[in-house]
Structures are given as C-alpha cells and as structure tokens.
Amino acid sequence: MKRECCNQTMPNVPKIDTVIQVYDEPIMCCFGRRECKFGKSYEHFIDSLFKELGSEEELFVKIISDSNEIRTNSTIVEERFETIKNLFKAKDSTVSIVMNYSIMDKLFDSVECRKAVEIEIKPKQKVLEERNKLTIWHEYNSSNTIQSGELTRALDELLTRMKQKNLTIRITSHTDNDGTEREHFLLSRQRALAIKKYLVSNGANPIHILTEYKGAKDPIASNETEEGRAKNRRSEIEVIK
C-alpha cells in the first residue's frame, strides 16, 4: 500500500523569481535545507499512517532531491532522512524505517518548498537469526536484497561481530525453480553479491566473505506450492571460522 505525502495535484506554476510558492502538503522539503516544513494535514497524515502500519510491516521512505542541492551538499538526502526518521521514532520508537532516494533536475525550479517525500508501507523482510547462521528470505524475483530495516539491523549486528572477532563468513544464495537454470544461477549470484557489497561498504574485509550461488539446486521445501517456493528463495550466511 503506497502513501505519498500529498494527495492534491500540484498545478503548473511558471517560474517567478520574486515570489516564493509554498504548497500545503503534510511534509515538504525546502531547497538546500535539511529541515522539513509541515502542512495543516501533517498530524492527520501521520495518525492515519501509523494506524495502518501492522506489526509485521515497516515504512519505506523515499527522499526526492534536486540535483543542484546535491552539488552543494552531498549529504542533504541523509540529513533529511534522519530528520524524518526522528519524527517517526518519536511517534513509535519500535517502528522499522528504510530509506531510498531519487534525484531530479530542477525539482525546486519555481518553488522554495514542495513535496519531496514518498512513504510506502511494506512487509518486513523475513530474517531468522541463529547463533552462527543468518537466513534471509527474498521476495519473488528480487535481487535488490538490502531493502529492509529488519535485514540491515541483523547484518549490522553480524558486521560488528565480524570486526570484533575477525570472523570469516560464507554467503550461500538460492532461488525457487521458476525460470531457467541460467536465470537461477544469475539471480542467486546477484543476491549473494548484494549482501557482500553491503557488508564491505560498511567496513567488512572482503577476504573474510566467501560466496556461493546455488540457484534452485538445493531446495529445503517442495517447489510445487507457493509456500514451498517462498521458503526456497533464501540466502544463508554462516560463520565458518
């Protein structure tokens, strides 16, 4: 279920150098500023959002930024996300929040402040944590693995252990049997490498990360049912030494 931060259609406004146009949206971003502005509908929007948010769901927040802003302040997207995250955490400290972003040219061409945030409710990615093993289940045909707050939390905890104890891990990724053998191999490879990339980009030593791509060759359930196929779409991270 997708909820954008505004429901009204923004009119086409010609560029006016001497007048600042401001739209009354629940959450608005302003050119060059990390702070957000809040419209009259903000409280109602937030209350409705959290009423619809289930215990097995999380908030997926997309920040839209102007390319001119990025040139001036390369961290402005992260700063805005931190501002929004703190607001949501104040509402519910247990909520899981994931950030994404996109960049547009001339987003603020004729306005100082406007809608630049989209919020979507998504199911939490299923993660099973054991003593020396982490199992991650993937959405159908999904290779962009790191899209869940639940998963990043588990990977960050694993990363801390790897650094403290100089651990070596093996990432083994699997698919269901839908598609060709080559497609299975490529998809499982993408899943394993996405996890490795996340760990390495956050400070893990790549020498201590081994990867295997099993495709559909090692199922743990029958591929005859959707439930079984969902169980087979997984990545397993094991501490090997």
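The values are calculated or read from the model by the stated rules, or taken from the named source; none is laboratory data. All values derive from a computational prediction rather than experimental measurement. Backbone-built Cβ (ideal geometry, glycine too); neighbour counts: all protein chains shown.
Just checking, which of Lys122, Lys62 is within 30 Å of Ile220 (Cβ to Cβ), basic (Lys, Arg) and surrounded by 17 or more Cβ atoms within 10 Å (Cβ to Cβ)?
Lys122
Here are some residues: Arg182, Arg170, Arg189. Which one is without any contact (Cβ under 8 Å) to a residue 40 or more places away in the chain, in contact with a strand residue (DSSP E or B) (Cβ under 9 Å, 6 or more places away or on another chain), surrounded by 15 or more Cβ atoms within 10 Å (Cβ to Cβ) and outside any loop (DSSP other than H, G, I, E, B)?
Exactly one residue qualifies, and that residue is Arg189.
Kindly indicate the residue of segment 89-119 that is among the acidic types (Asp, Glu) and modelled with pLDDT under 85 and also nearest to the chain's Cα centre (by Cα) among those meeting that condition.
By that ranking, first place goes to Asp105.
Taking segment 44-64 on its own, how many of its residues are more than 15 Å from Asn86 (Cα to Cα), more than 15 Å from the chain's Cα centre (by Cα) and not basic (Lys, Arg)?
Final tally of qualifying residues: 10.
Failed condition for Asn223, given (1) surrounded by 15 or more Cβ atoms within 10 Å (Cβ to Cβ); (2) of a type in the set (S, T, N, Q); (3) farther than 11 Å from Asn177 by Cβ, with all others met?
Here Asn223 clears every test but (3).
For the condition β-branched (Val, Ile, Thr) and in a loop (DSSP other than H, G, I, E, B), what is the one hit in Thr94, Thr135?
None of the others qualify; the one that does is Thr94.
Looking only at segment 134-154, decide whether some residue is more than 26 Å from Glu226 (Cα to Cα) and modelled with pLDDT of 90 or more.
no
For the list (1) in a helix (DSSP H, G or I); (2) at pLDDT 95 or above; (3) not hydroxyl-bearing (Ser, Thr, Tyr), I need the number of the one condition that Arg229 fails.
The number of the failed condition is (2).
Being surrounded by 12 or more Cβ atoms within 10 Å (Cβ to Cβ) and over 24 Å from Leu186 (Cβ atoms) is the filter here, so list the residues in segment 200-220 that pass it.
Asn202, Asn205, His208
Please count how many residues of segment 44-72 are farther than 14 Å from Ile27 by Cβ, in contact (Cβ under 8 Å) with a residue 60 or more places away in the chain and in a helix (DSSP H, G or I).
Of the residues in that region, 1 qualify.
List the residue pairs whose Cβ atoms are under 7 Å apart, where the first residue sits in segment 73-92 and is closer than 12 Å to Arg33 by Cα, the second is among the acidic types (Asp, Glu) and part of a helix (DSSP H, G or I), and the two are 6 or more positions apart or on different chains.
The qualifying pairs are Ile76/Glu69.
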